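A.B. asks: Next up is a structure, given as structure tokens.
Rule-based calculations on the coordinates, nothing more; no lab input. Every value quoted in this text rests on a predicted model; they were computed, and no experiment measured them. All Cβ positions, even for glycine, are placed from backbone atoms using ideal geometry, and neighbour counts span all protein chains on display.
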Amino acid sequence: MNLSSRIVSAVAYSVCQDLAGAAEPRLGAPYNDVARFLDEQIGRMPVPQGWGVRALALAFDLSALASHGARFHRLRHEARRERLAVWRESPVFFCRQYVRLHESLAAYRLYARLETSVFGRGS
């Protein structure tokens, strides 16, 4: 798995852990399907946008060094949650949009698990 995919996977797991809750077992870990979906969607973007999102992923990963002493994809969930909150509330537009993109795609794929199980298809 390349670095960009590891970062996307870490973001997906963090977002899903906060979204899933304990009430619905089909929304529980593992979140590999969600991480793959996010990575695929970013890969489908036109080159300039896809490169931009991948560059932001690297900046996001490195941004955790100053506050947590490690890159984002190596942090525990609580530290990841804090880092996502910092970017979600950032005055910088593209930081907020980076988090919003990943949260939106992760929520879409995570809750699609419920729909696919209703219609008898696997997730």
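A.B. asks: Mind ordering 47-59, 97-109, 3-15 by average Cβ neighbours within 10 Å, highest first?
C.D. replies: Ranked by mean Cβ neighbours within 10 Å, highest first: 3-15, 97-109, 47-59.
A.B. asks: Helix 93-118 against the longest principal axis of the chain: what's the angle in degrees, Cα atoms only, rounded to the nearest 10?
C.D. replies: Its long axis makes an angle of about 10 degrees.
A.B. asks: If we sort 86-94, 30-38 on the protection proxy, mean other Cβ atoms within 10 Å, highest first, what's the order?
C.D. replies: Ranking the peptides 86-94, 30-38 by packing returns 30-38, 86-94.
A.B. asks: Can you compute the charge dipole magnitude of the chain about its Cα centre, using +1 on each Lys and Arg Cβ and -1 on each Asp and Glu Cβ, nothing else charged? Give it in debye, rounded to the nearest 20.
C.D. replies: That gives the chain a dipole magnitude of about 180 debye.
A.B. asks: Enumerate the calculated ³J(HN,Hα) couplings along the range 7-18 in order (Karplus 6.51 cos²θ - 1.76 cosθ + 1.60, θ = phi - 60°), each rounded to whole Hz, writing x wherever the residue is Gly or Pro.
C.D. replies: 5, 4, 4, 4, 5, 4, 4, 5, 5, 5, 4, 7
A.B. asks: Return one number: the angle in degrees, 0 to 90 and rounded to the nearest 10, between the long axis of the Cα atoms of helix 32-43 and the longest principal axis of the Cα atoms of the chain.
C.D. replies: The two axes meet at around 60 degrees.
A.B. asks: Classify the range 1-60 as rounded, prolate or oblate, taking a ≥ b ≥ c as the square roots of the eigenvalues of its Cα gyration tensor: rounded when a/c is under 1.5, otherwise prolate if a/b is larger than b/c and oblate if not.
C.D. replies: It comes out prolate by the Cα gyration axes.
A.B. asks: Find the all-direction average of the projected area of the Cα convex hull for the chain, expressing the result in square nanometres with one decimal place.
C.D. replies: 7.9 nm²
A.B. asks: Compute the acute angle (0 to 90°) between the alpha-carbon long axis of helix 77-88 and the principal axis of greatest extent of the alpha-carbon atoms of the chain; round to the nearest 10°.
C.D. replies: That works out to roughly 70 degrees.
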